[in-house]
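Read the structure below first, then the notes.
The values are calculated or read from the model by the stated rules, or taken from the named source; none is laboratory data. Treat the numbers as computed from the prediction; the structure is a model and nothing was measured. All Cβ positions, glycine included, derive from the backbone under ideal geometry; neighbour counts span all protein chains shown. When the accessible area is computed, the model is the full protein with side chains, heavy atoms only, and any ligands, DNA or RNA have been set aside. Shrake-Rupley method; radii C 1.70, N 1.55, O 1.52, S 1.80 Å.
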Amino acid sequence: MKKTILLIAMTVFVAMGSIAQAQKIATINTIKVVDTLPMKDSVIAKLSSIEQGYVQRLQDLEMEMQNKDKEYQTKQALKASPAQLELIQKSFQRLQQEYQETTDAYKAEIQQEQVRLYNPILELVKKTAGDVAKAKGYAHVIDNSQSIVLWSANPADDLTAAVIAVLLKK
């Protein structure tokens, strides 16, 4: 009985090994591909435009907070009433809260826009990589942009240049 189970297990392992060897696997560096595409420039311009608006608003808030701080220091030096000082402090705290909310809104909007603007490009790269891989007889493509593939025996398995060439022709 043990020999039969061992024989079946060995047969399964050998079969799985031969299936894995029969499939060709390619790699691609999607970051390098996207960085090469001209359409990336319009994405960067749109994101930069969004950023400019927030940067200006954050600078204005910083200036207002500095002015409130100076006002507080001046009033304190002139021995202003505790009620006046408290009003300035509350105003300063509101500015700090608005600054934090603006920063959070900026981060959220930039993240949403990055996803919205980059997704069509990444889908195009994914489709093109699939087409190139299929034409070259590959069964799978692994994204190597994060250096996940530690070693490859054949540099020709890297489809990055071929995908860039196809996309630049479009």
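When you scan the stretch 146-162, do you find a residue that is more than 30 Å from Gly53 (Cβ to Cβ), in a helix (DSSP H, G or I), of a type outside the set (Asp, Glu) and touching a residue at least 40 places away in the same chain (Cβ under 8 Å), even just one? Checked the stretch 146-162: at least one residue is more than 30 Å from Gly53 (Cβ to Cβ), in a helix (DSSP H, G or I), of a type outside the set (Asp, Glu) and touching a residue at least 40 places away in the same chain (Cβ under 8 Å).
Among the residues examined, Ile142 qualifies as surrounded by fewer than 16 Cβ atoms within 10 Å (Cβ to Cβ) and touching a residue at least 24 places away in the same chain (Cβ under 8 Å). Residues in the stretch 95-109 that are of a type outside the set (Ser, Thr, Tyr), closer than 30 Å to Leu37 by Cβ and open to solvent by less than 80 Å² (accessible area, probe 1.4 Å): 3 in all.
Val55: open to solvent by 50 Å² or more (accessible area, probe 1.4 Å), of a type in the set (A, V, I, L, M) and outside any helix (DSSP H, G or I), yes or no? So Val55 fails the test. Does the stretch 71-94 contain at least one residue that is open to solvent by 80 Å² or more (accessible area, probe 1.4 Å), in contact with a helix residue (DSSP H, G or I) (Cβ under 8 Å, 6 or more places away or on another chain) and modelled with pLDDT of 95 or more? Yes, because at least one residue in the stretch 71-94 is open to solvent by 80 Å² or more (accessible area, probe 1.4 Å), in contact with a helix residue (DSSP H, G or I) (Cβ under 8 Å, 6 or more places away or on another chain) and modelled with pLDDT of 95 or more.
Checked against the criterion of being over 17 Å from the mean Cα position of the chain (by Cα) and either closer than 30 Å to Asn67 by Cα or of a type in the set (D, E, K, R) (or both), the stretch 139-155 contains not a single residue that satisfies it.
Suppose the filter is open to solvent by less than 100 Å² (accessible area, probe 1.4 Å), modelled with pLDDT under 55 and either under 23 Å from Gln112 (Cβ atoms) or assigned to a helix (DSSP H, G or I) (or both); does Ser18 pass it?
Numbers: open to solvent by less than 100 Å² (accessible area, probe 1.4 Å): yes; modelled with pLDDT under 55: yes; either under 23 Å from Gln112 (Cβ atoms) or assigned to a helix (DSSP H, G or I) (or both): yes.
Answer is yes for this residue.
Here Leu47 meets the list (1) within 30 Å of Tyr118 (Cα to Cα); (2) in contact with a Phe, Trp or Tyr (Cβ under 9 Å, 6 or more places away or on another chain); (3) open to solvent by less than 50 Å² (accessible area, probe 1.4 Å) almost entirely, failing just condition (2).
The single condition from (1) of a type in the set (S, T, N, Q); (2) closer than 27 Å to Pro38 by Cβ; (3) loosely packed, with under 14 Cβ neighbours inside 10 Å; (4) modelled with pLDDT under 90 that Gln112 fails is (4). Contact annotation: residue pairs with Cβ atoms under 7 Å, 6 or more positions apart or on different chains, pairing a residue in the stretch 74-103 that is aromatic (Phe, Trp, Tyr) with a partner that is open to solvent by 60 Å² or more (accessible area, probe 1.4 Å), are Phe92/Asp69.
Go through the residues of the stretch 41-61 one by one and say whether even a single one is in contact with a helix residue (DSSP H, G or I) (Cβ under 9 Å, 6 or more places away or on another chain), modelled with pLDDT under 95, more than 30 Å from Val163 (Cα to Cα) and among the small types (Gly, Ala, Ser). Yes, the conditions are met somewhere in the stretch 41-61.
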